[in-house]
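Undergrad: Submitted below is the structure of interest, expressed as structure tokens.
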Amino acid sequence: MTPTEQSARALEVCRLAPVVPVLVIDDIAHARPLAEALVAGGLPALEVTLRTPCALDAIRIMAEVPGGHVGAGTLLTRADVKAAKEAGATFGVSPGSTPALIDAACEFDLPLLPGAVTASEIMALLELGFTVQKFFPAEQSGGAAFLKSIGSPLPQVSFCPTGGIGLKTAPDYLGLKNILCVGGSWVAPKDAMVAGDWAKITTLAAEAKALRS
Ligand code: 3PG
């Protein structure tokens, strides 16, 4: 799958909802109820970060939840891409991009949302065919003001910014022409997961969904 084809698929995922939950799952027992709660609240695209030992198993379980589109985040290596694809991830997200990671996404047919934060990084990805990119860490890298500015010379690139974004700041991004959606962990707080308060997570998801009517 070429980078251009990957971006076409990433575009579809990013258009599913205004917010992609960024999930750090420590307890495999949380995987199914968490996915069900988020999908019930109106957020079907879910990014499971490969930062915990049970992340790949969580992807396997969450991929079975009706209505969900489960991707793998924090992809750093070829092995991560291979494992994510085998676990059933339908898209992948990386904080940055390397030639090896991009080659792996092409090899394993995993639509990749590669990360970039400078004009040169964005242009290098665009040259390869990535018209949909992650902007990370968003708030620390210039935030919505940067993305608004970069939209003038590079209107052909659309972004999913993540990093430091919450319910209050998400509208600053979502109001821009070159923003498809934002990513964030605020919709799945750890205390709610530990408490099994799935209703709270559905409420947070519904609030996030309502950011774009
Ligand atoms: C991440 O990879 O951690 C995401 O960008 C989420 O960032 P957040 O926890 O600040 O929402």
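Undergrad: Mind listing the phi-derived Karplus ³J(HN,Hα) values for segment 144-160, rounded to whole Hz, using 6.51, -1.76 and 1.60 with θ = phi - 60°, and x for any glycine or proline?
TA: 5, 5, 5, 5, 5, 5, 5, x, 6, x, 10, x, 7, 9, 10, 10, 10
Undergrad: Search the structure for amide H atoms under 5 Å from the amide H of residue 179, placed 1.01 Å from N in the peptide plane, and list their residues when 5 or more places away or on another chain.
TA: Residues meeting the amide H criterion: 159.
Undergrad: OK, next. Report the FRET efficiency, 1/(1 + (r/R0)^6), for residue 191 and residue 79, where r is their Cβ-Cβ distance and R0 is 30 Å, rounded to 0.05.
TA: 0.40
Undergrad: Another question, then. For the chain, which whole percent of the accessible surface, found with a 1.4 angstrom probe, sits on carbon and sulfur atoms?
TA: 57
Undergrad: While we're on this one: Taking Cα centroids, how far is segment 44-81 from segment 94-169 in Å?
TA: About 19 Å separates the Cα centre of segment 44-81 from the one of segment 94-169.
Undergrad: Return P(r) of the chain (all Cα-Cα pairs; 10 Å bins starting at 0; whole %; ordered from short to long distances).
TA: In whole percents, the pair-distance histogram is 9, 38, 37, 14, 1.
Undergrad: Add -39500 (n - 2.57) for each DSSP H run of 4 or more in the chain, then divide by its residues: what number comes out at 222 nm, to the nearest 500 deg cm²/dmol?
TA: -12000 deg cm²/dmol
Undergrad: Further, regarding this structure: Over segment 3-209, what is the mean sequence separation of C-alpha contacts under 8 Å (at least six apart), divided by residue count, expressed as relative contact order in percent?
TA: It rounds to 25 percent for segment 3-209.
Undergrad: Under the 0.36 nm per residue contour assumption, what length would be gained going from the current alpha-carbon distance of residue 119 and residue 27 to full extension?
TA: 29.3 nm is the gain from fully extending residue 119 to residue 27.
Undergrad: Now for a separate question. Can you count the Lys pairs in the chain whose Cα atoms are under 16 Å apart, with each pair 8 or more apart or on different chains?
TA: Step by step, the pairs that qualify in the chain add up to 6.
Undergrad: OK, next. So if R0 is 25 Å, what FRET efficiency would residue 152 and residue 12 give, r being the distance between their Cβ atoms, rounded to the nearest 0.05?
TA: Plugging the Cβ-Cβ distance into 1/(1 + (r/R0)^6) gives 0.45.
Undergrad: Of 44, 188, 145, which is farthest towards the positive pole of the chain's charge dipole, taken about the Cα centre with +1 and -1 on the beta-carbons of Lys, Arg and Asp, Glu respectively?
TA: Checking the options against the dipole of the chain, the answer is 145.
Undergrad: Residue by residue through segment 4-20, what is 3J(HN,Hα) from phi via Karplus (6.51 cos²θ - 1.76 cosθ + 1.60, θ = phi - 60°)? Round to whole Hz and write x for glycine and proline.
TA: 5, 5, 5, 5, 4, 6, 4, 4, 4, 4, 5, 8, 5, 6, x, 10, 9
Undergrad: Take every DSSP beta bridge whose two residues both sit in the chain, then give the antiparallel share in percent to the nearest 5.
TA: 0
Undergrad: Given Cα pairs under 8 Å that are at least 6 residues apart, what percent is the relative contact order of segment 58-112?
TA: 36
Undergrad: For a protection proxy built on the mean count of beta-carbon atoms within 10 angstrom, sort 121-129, 48-56 highest first, please.
TA: Highest to lowest by the protection proxy: 48-56, 121-129.
Undergrad: Going by average Cβ density within 10 Å per residue, which order do the peptides 67-74, 190-197 take, highest to lowest?
TA: Result, highest mean first: 67-74, 190-197.
Undergrad: Using modelled backbone amide H atoms (1.01 Å from N, in-plane), which distant-in-sequence or interchain residues come within less than 5 Å of residue 93's amide H?
TA: Under 5 Å from the amide H of residue 93 lie the amide H atoms of 72, 73, 74, 75, 113, each far enough along the sequence or on another chain.
Undergrad: Let me ask something else about it. When the dipole is taken about the Cα centre of the chain, and only Lys, Arg (+1) and Asp, Glu (-1) are charged at their Cβ, what size is it in debye, to the nearest 20?
TA: I would put it at about 420 debye.
Undergrad: Return one whole number: the accessible area per residue of segment 3-209 in Å², for a 1.4 Å probe.
TA: For segment 3-209, the per-residue accessible area is 41 Å².
The values are calculated or read from the model by the stated rules, or taken from the named source; none is laboratory data. Since the structure is predicted, the reported quantities are computational estimates derived from the model, not experimental observations. Here the Cβ is made from the backbone with ideal geometry for all residues, glycine too, and neighbour counts use every protein chain on show. Side chains are part of the model used for accessible areas, which takes the heavy atoms of the whole protein and leaves out ligands, DNA and RNA. Shrake-Rupley method; radii C 1.70, N 1.55, O 1.52, S 1.80 Å.
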